[in-house]
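Student: Please find one structure pasted underneath; my questions will follow.
The values are calculated or read from the model by the stated rules, or taken from the named source; none is laboratory data. Here the structure is a predicted model, which is why all the values come from computation and not from measurement. FYI the Cβ positions are ideal-geometry reconstructions off the backbone, even for glycines, and counts take in every protein chain you see. Just so you know, the surface numbers come from the protein's heavy atoms only, side chains and all, with ligands and any DNA or RNA stripped out. Shrake-Rupley method; radii C 1.70, N 1.55, O 1.52, S 1.80 Å.
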Amino acid sequence: MRRTPTPINRYGQGRSRILRILLVDDDPALRELLRTTFEVADVDVTEAASAAEARRAIVAQRPSVIVLDVQMPVESGLDFCRDLKASPETRDIPVILLTGSEGGTDSAAKRAGAEAFLRKPFSPLELLSVAERLAGGLYGVPFRASKKQPNKPGEELLLYARDLRHMLELERGQRQLLQSAYMETVSALASALESKDTGTRAHSQRVQNYACALAAAVDDREVTDDITTQYGFLLHDVGKIGIPDGILQKAGPLSPAERRRMQTHTVLGEAMLSGVAFLQGEGLRIVRSHHERWDGRGYPDGLAKTDIPRGARIFAVADSLDAMTSNRPYRRALSWDTARQEILGQSRRQFDPDVVEAFLDCEPELRNIKRELAAA
Ligand SMILES: [Fe+2]
């Protein structure tokens, strides 16, 4: 008799309970396969190679469900099932019989009192789903006879492949949920930050949309395929949390000392986010380098041309476009056409010429973004 460690799971502590399966089969390979599969699903599996071993296991710990092979030496699964159903102590434990390829065993399983049966070969997920339903008290579940032709060569492998694909789909869905949760959290942080900085909440959304459109037009897969790029676009100014309000919200021009202090928001932001695992990559580089210039006169590192991370070069155009076309405490917004002229004029000075070209390619889309977000 072999028992897996008791998992703490959705059947586990507190309101729910553990699903305990007693697996009775004389085939050690099948037991191993099922135990490994069920462990992934956090099910407590006890194995028994015979009816005698299974009886001892039931006394040691009552299972939620018994999965029982029909064909076993000494005492068959059918005999053992009848015996279990005849005893007041065990008759309430649901039994799933695993039947072989011979005809007639399905009705024999019913007569023996089993709650369900599955024909070999079966899908482990199908077995798990029947076990979960029976353990949940739905004992009126109709018998589930597989319509599959049993023992077709390779069918068991196909069933496992199908299960694997199903699990991968579930896992992918979970990952997407997690990513959108990250994104919502980061967006909320960016909005909170903006209230402190510019007093508006629309900048981060606009600038992120502009930057995404520009990145698509530049068509650099390293940037567009890196999910952290999006986080970098949203959190580029997170370091401003460490800049005093008196500087952030000053209506007039900054003094040289104030300007130097303001410029530290790039390295402050990078330091703040450097321990966050899901931001490592292009996103963090955008936070540090979004004020670098193509001609090398930017900050904090004075990088030039292609030494500046591509995501930061793309973002610089998006950020300037939004800054110029938005009202600021010390000036009114410039017209789109004036901003456009300024961006073209800064090609090879402040901005990467490839990104300026991409700006021209996707300008109608950028105008749409501004219109749509203004109307929202
Ligand atoms: Fe900035």
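Student: Restricted to the stretch 64-94, and to residues that are within 19 Å of Leu30 (Cα to Cα), of a type outside the set (A, V, I, L, M, F, W, C) and under 44 Å from the mean Cα position of the chain (by Cα), which residue is surrounded by the most Cβ atoms within 10 Å (Cβ to Cβ)?
Tutor: Per the criteria, the residue is Gly77.
Student: Being under 16 Å from Thr185 (Cα atoms) and surrounded by 21 or more Cβ atoms within 10 Å (Cβ to Cβ), is that true of even one residue in the stretch 259-272?
Tutor: Within the stretch 259-272, none of the residues are under 16 Å from Thr185 (Cα atoms) and surrounded by 21 or more Cβ atoms within 10 Å (Cβ to Cβ).
Student: Which of (1) over 23 Å from Val238 (Cβ atoms); (2) open to solvent by less than 50 Å² (accessible area, probe 1.4 Å); (3) touching a helix residue (DSSP H, G or I) at 6+ places or on another chain (Cβ under 9 Å); (4) assigned to a loop (DSSP other than H, G, I, E, B) does Val356 not meet, given it meets every other one?
Tutor: Only one criterion in (1) over 23 Å from Val238 (Cβ atoms); (2) open to solvent by less than 50 Å² (accessible area, probe 1.4 Å); (3) touching a helix residue (DSSP H, G or I) at 6+ places or on another chain (Cβ under 9 Å); (4) assigned to a loop (DSSP other than H, G, I, E, B) is unmet by Val356, namely (4).
Student: Restricting to the stretch 305-352, give me the number of residues that are within 39 Å of the chain's Cα centre (by Cα) and loosely packed, with under 14 Cβ neighbours inside 10 Å.
Tutor: So the count comes out to 4.
Student: Right, another one. Go through the stretch 265-278 and count every residue that is touching a helix residue (DSSP H, G or I) at 6+ places or on another chain (Cβ under 7 Å) and either in a helix (DSSP H, G or I) or within 15 Å of the ligand (Cβ to nearest atom) (or both).
Tutor: Result for the stretch 265-278: 9.
Student: Of the residues that sit in the stretch 205-237 and are among the aliphatic types (A, V, I, L, M) and at pLDDT 90 or above, which one is nearest to the ligand (Cβ to nearest atom)?
Tutor: Only one residue fits best here, namely Val207.
Student: Please go through the stretch 220-237 and give me each residue that is over 20 Å from the mean Cα position of the chain (by Cα), touching a residue at least 24 places away in the same chain (Cβ under 8 Å) and surrounded by fewer than 23 Cβ atoms within 10 Å (Cβ to Cβ), ordered by number.
Tutor: Across the stretch 220-237, the qualifying residues are Asp220, Glu222.
Student: Sticking with this structure for a sec: Restricted to the stretch 19-38, and to residues that are open to solvent by less than 20 Å² (accessible area, probe 1.4 Å) and not in a helix (DSSP H, G or I), which residue is farthest from Met72 (Cα to Cα)?
Tutor: Ranking the qualifying residues of the stretch 19-38, first place goes to Leu19.
Student: Please give the number of the condition Glu292 fails out of (1) open to solvent by 50 Å² or more (accessible area, probe 1.4 Å); (2) part of a loop (DSSP other than H, G, I, E, B); (3) within 16 Å of the ligand (Cβ to nearest atom).
Tutor: (1)
Student: Checking Lys85 against (1) out of contact with any Gly (no Cβ under 6 Å at 6 or more places or on another chain); (2) outside any strand (DSSP E or B), which single condition isn't satisfied?
Tutor: (1)
Student: Tell me which of these Ser320 doesn't satisfy, since it passes every other one: (1) within 16 Å of the ligand (Cβ to nearest atom); (2) farther than 18 Å from Arg206 by Cβ.
Tutor: Every condition holds for Ser320 apart from (2).
Student: Something else now. Any residue in the stretch 47-54 that is among the hydroxyl-bearing types (Ser, Thr, Tyr), modelled with pLDDT of 90 or more and open to solvent by 20 Å² or more (accessible area, probe 1.4 Å)?
Tutor: yes
Student: Could you list, in sequence order, the residues of the stretch 279-289 that are open to solvent by 50 Å² or more (accessible area, probe 1.4 Å) and assigned to a loop (DSSP other than H, G, I, E, B)?
Tutor: Matches in the stretch 279-289: Gln280 only.
Student: Search the stretch 246-258 for residues being within 16 Å of the ligand (Cβ to nearest atom) and in a helix (DSSP H, G or I), and hand back the single one that is modelled with the lowest pLDDT.
Tutor: Going through the qualifying residues, I end up with Leu248.
Student: Given the conditions (1) within 16 Å of the ligand (Cβ to nearest atom); (2) over 32 Å from the mean Cα position of the chain (by Cα); (3) in a helix (DSSP H, G or I), report the number of the one that Gly298 does not fulfil.
Tutor: The number of the failed condition is (3).
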